[in-house]
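First comes the structure, then the notes that go with it.
Every read-out reported here was derived from the displayed coordinates using simple, explicitly stated rules and does not represent laboratory data. Here the structure is a predicted model, which means the values were calculated and not measured. Ideal geometry is used to build each Cβ from the backbone, glycine not excepted, and the neighbour counts take in all protein chains shown.
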Amino acid sequence: MKALSLTQPWASLVASGAKKVETRSWSTSYRGRLAIHAAKGFPKWAQDFARWVFRQHHVPEHLPRGAIIALVTLVDVRRTEEIAPTLSALERIYGDYSVGRYAWVLEDVQMLPQPIPY
């Protein structure tokens with residue numbers, strides 16, 4: 001199975017269903033199931049953003065790292081400039097919608113009952 005590694009809190013935002021679009025600098029022709037991997041690293045800028053996210057009540061305060069935490073289906077990849085106007089303000093805050101990037105549309109989120117170390 002293919003996996004997508006995300007820094008926390010973005011991995012947990014996807015796993016909880018709060019983040020439905022992941023932005024990347026590259027596209028892919030792949031469509032199908034992906035494992036969402038919470039990266040082991042947790043840089044200060046991500047920790048600062050996580051504190052803001054905690055106040056929004058979208059993710060738990062304990063963020064698993066170095067583990068597979070969810071399964072999703074990648075259903076579409078679109079240019080960020082095409083999709084950004086159709087998204088909520090909160091969804092846009094969770095990604096980098098700069099011109100020239102790609103929006104990976106995720107559906108069928110299944111949070112795992114226990115993280116799988118990886």
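Some observations on this one:
- Sorting the segments 63-71, 21-29 by their residues' average number of neighbouring beta-carbon atoms within 10 angstrom, most packed first, yields 63-71, 21-29.
- The chain: relative contact order as a whole-number percent, Cα under 8 Å and 6+ apart: 36
- Neighbourhood net charge (15 Å Cβ-Cβ; Lys/Arg +1, Asp/Glu -1) for Ala70: +2
- Using every pair of distinct Cα positions in the chain, the Kirkwood expression returns a hydrodynamic radius of 14.3 angstrom.
- Alpha carbon centroid spacing (whole Å) that separates region 1-26 from region 68-118: 6
- Mean residue ellipticity (222 nm) of the chain, computed from DSSP H runs ≥ 4 via -39,500 (n - 2.57), nearest 500: -6500 deg cm²/dmol
- By the Cα gyration tensor, region 1-59 has an equivalent ellipsoid whose semi-axes, rounded to whole angstrom, run 22, 13, 10 from largest to smallest.
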